[in-house]
Amino acid sequence: MPSVHQPITVRVTSEAPQSVDVDAWVVPVFEGDDLDGLAALNEASVGHLAAARARGEFTGRAFEVLTVPLAGWKAGWLVAVGAGPRTEYAATAARRVTTTGALAVRARRLTRMGVLSRPLPAGGAEHVVQAIAEGAFLANFEGASLKTADPRRQPWLDELVIVAAESAGVRTAAARGALMGEATNQARALVNEPGNLLTPRVFAERAVEMALTAGLPIDVLGEQEIAALGMGLLHGVARGSKEPPRVLVMRHDPPGVTGGPVLGLVGKGITFDSGGISIKPADHMDKMKGDMAGGAAVVAAMCAIARLGVPLRVVGIVPATENLPDGDAMKPGDVLTSAAGKTVEVLNTDAEGRLILGDGVWYARQLGATHLVDVATLTGACMIALGKTTTGLFATPPAWSDEVRLASERAGERMWPMPLFEDYRELFRSEIADFSNTGGRYGGAITAALFIKEFAGDLPWAHLDIAGPAWAEEAKPYQPKGATGAAVRTLVELALAAGAWAGH
């Protein structure tokens, strides 16, 4: 199978861009920009940049692209990308502008690009340099890996040069951004895989390959180990498939770190979700190959955390299975017993993600997690509430919710805090079991989160419902259609910021 993403060699320099040996320069240009600081580029473009501004061809509105040849520089091309108003320029804009420009560079079949780092209004050179590195990596991805003949296939970027004031912090930020971008692409590659090729066993094999490369210890639990742990919720979902379930267990134990918090990351790994006996409509069921996006995010984030050497103990748990209807499948009305000993009445077999997450969250606690985050493409209800580009954040206590939200802001991944009304627990009350697996149509995202909370105990816990942003239905200048790698960067940013929340 052809590769779907490639790493890029990244370096930071304070050299004059005229003398840097690249194929093209990507430059953010603001709305209403008087081209202050870009006079040399305009001159090298033989005035084309200013002329395009003057005639309204290129205004600087977000993600407009103008490509013109350069004269007298080592680079042959200028790719100017609209960055919107200067006052609104932030790391997220820098990331998206870079991706947009890098895609334009690849479309010209060029492989070496430079980016002129333009400062944020409030400073923060390290943030913008990290975002630029991430953005370039996100452009070095192809979703059409299974086409046997694709004339549109473009060469990979192999070099990125960022012009910025050099410092140890800036160089570290560039390296960190490269790792973050690569981890996001790893998750995208997994989520794009068809369900017949990425079964639970293959998912586990891929995770092992990724973990070994990252130096991350990983164990894969098979059917016997799952049964020994009493994971009845996972087993119940897996019964309808001939593919056996797996549980991925990753541990990041950095040398010298023996105390302090343990971050537990749990990802939903449903490699295909038909809905089971409560079968889904045929329309768009093909997208259910991506119901393991939360699990992919956890695997990729754990590998990035290990490669960055984050001084924090972290455990990652991904229960993986298919949800299919056959003669052995769980039925509406069945009662399952979780590893925590809680009994669950199954009212809808399509509410399976929360079931496997219940056993996964319990197991993370058994492995010593003191702070929990679960990630899942869990509910259509969250998409109805927040749309396709926003993650629902359900968390307790408020201080932990704030830390996760701040991590998402640093990562450039939009999240919105959602309520956890305790009286909504009545909606999934059962007459014959401890509770049921669904609370009905209304408030569905909240009741799903509250179900998972039943297994988190009193620990700080956050649930990220990425049903909307995990898959881009429509292409944007900075995001082709397909998997997005949602939540990967947020999880890594949260681990990196442990010093801020360790005492919570």
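The values are calculated or read from the model by the stated rules, or taken from the named source; none is laboratory data. Given the structure is predicted, the values throughout are model-derived calculations rather than measurements. Note that we place each Cβ from the backbone using ideal geometry, even for glycine, and neighbour counts take in every protein chain shown. Please note that ligands, DNA and RNA were not included when accessible areas were found on the heavy atoms of the full protein model with its side chains. Shrake-Rupley method; radii C 1.70, N 1.55, O 1.52, S 1.80 Å.
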With label points set 7 Å from each Cα along the Cα-to-Cβ direction at residue 9 and residue 458, the distance between them in nm comes to 5.6 nm
Whole-Å distance linking the alpha carbon centroid of the stretch 3-53 with that of the stretch 142-219 is 26 Å
With label points set 7 Å from each Cα along the Cα-to-Cβ direction at residue 213 and residue 55, the distance between them in nm comes to 4.6 nm
In the stretch 408-464, the trypsin sites (Lys or Arg not before Pro) that sit in a DSSP loop and have at most 14 other Cβ atoms within 10 Å of their own Cβ are 429, 441
Here the longest stretch of the chain that holds no chymotrypsin sites (Phe, Trp or Tyr not before Pro) in a DSSP loop having at most 16 other beta carbon atoms within 10 Å is 157-420
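So what is the calculated 222 nm ellipticity per residue for the chain, using -39500 (n - 2.57) for each DSSP H run with n of 4 or more, over all residues, to the nearest 500 deg cm²/dmol?
Counting only the DSSP helices, I get -10500 deg cm²/dmol.
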The alpha-carbon center of the stretch 289-341 and that of the stretch 255-274 are separated, in whole Å, by 9 Å
The answer for the stretch 378-504, accessible area per residue at 1.4 Å probe in Å², is 42 Å²
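Please give me, ordered by residue number, the trypsin sites (Lys or Arg not before Pro) of the stretch 130-203 that lie in loop per DSSP and have at most 16 other Cβ atoms within 10 Å.
Details: sites: 147, 152, 153, 171, 176, 188, 201; in loops: 147, 152, 153.
Filter output for the stretch 130-203: 147, 152, 153.
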Under the 7 Å Cα-to-Cβ spin-label approximation, residue 159 and residue 367 lie apart by a distance in nanometres of 4.1 nm
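Could you work out the local net charge near residue 395, counting Lys and Arg as +1, Asp and Glu as -1, over the other residues with Cβ closer than 10 Å to its Cβ?
Overall, the nearby charge balance is 0.
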Along principal axes, largest first, the alpha-carbon spread of the stretch 315-410 in whole Å comes out as 47, 35, 20
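Please report, to one decimal in angstroms, the Kirkwood hydrodynamic radius of the stretch 426-504 built from all distinct Cα-Cα pairs.
Result for the stretch 426-504, one decimal place: 15.7 Å.
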Averaged per residue, the 1.4 Å probe accessible area of the stretch 153-230, protein heavy atoms only, in Å², is roughly 41 Å²
Computed for the chain: size of charge dipole around the Cα centre, +1 on C-beta of each Lys and Arg, -1 on C-beta of each Asp and Glu, debye to nearest 20, value 900 debye
Env charge @ residue 193, Cβ radius under 11 Å, K,R +1 / D,E -1, value +3
Of every hundred units of 1.4 Å-probe accessible area on the stretch 246-297, the number belonging to carbon and sulfur atoms, as a percent, is 58 percent
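Carbon and sulfur together cover what percent of the accessible area of the stretch 350-504 at a 1.4 Å probe radius?
Of the solvent-accessible surface of the stretch 350-504, carbon and sulfur hold 52 percent.
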For the stretch 253-258, in residue order, the Karplus 3J(HN,Hα) values (coefficients 6.51, -1.76, 1.60; θ = phi - 60°; whole Hz; Gly and Pro = x) are 10, x, x, x, 9, 10
Under the rule rounded for a/c under 1.5, else prolate if a/b exceeds b/c, else oblate, using alpha carbon gyration tensor axes a ≥ b ≥ c, the stretch 1-134 is classed as rounded
With a ≥ b ≥ c from the Cα gyration tensor eigenvalues, square-rooted, and the rule rounded for a/c under 1.5, otherwise prolate when a/b > b/c and oblate otherwise, the stretch 176-279 is oblate
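How compact is the stretch 335-374 by the rule of thumb for globular proteins, expressed as Cα Rg over 2.2 N^0.38 Å?
Values: Rg = 11.1 Å, N = 40, 2.2 N^0.38 = 8.9 Å.
That works out to 1.24 for the stretch 335-374.
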Percent antiparallel among DSSP beta bridges confined to the chain, nearest 5, equals 40 percent
Among the stretch 97-138, those whose backbone N falls under 12 Å of a label point 7 Å along Cα→Cβ from residue 74 are 113-114
Per residue, accessible area of the stretch 232-289 with a 1.4 Å probe, heavy atoms of protein chains only, in Å², comes to 39 Å²
Given unit charges at Cβ for Lys, Arg (+) and Asp, Glu (-), the dipole magnitude of the stretch 26-112 about its Cα centre in debye, nearest 20, is 540 debye
With a 1.4 angstrom probe the carbon and sulfur portion of accessible area for the stretch 1-160, in percent, totals 52 percent
The Cα radius of gyration of the chain, divided by 2.2 N^0.38 Å with N its residue count, comes to 1.01
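Enumerate by residue number the trypsin sites (Lys or Arg not before Pro) in the stretch 9-113 meeting two conditions: DSSP loop (anything except H, G, I, E, B), and at most 11 other Cβ atoms within 10 Å of the site's Cβ.
Taking the stretch 9-113 and a limit of 11 other Cβ atoms within 10 Å, the loop trypsin sites (Lys or Arg not before Pro) found are 55, 109.
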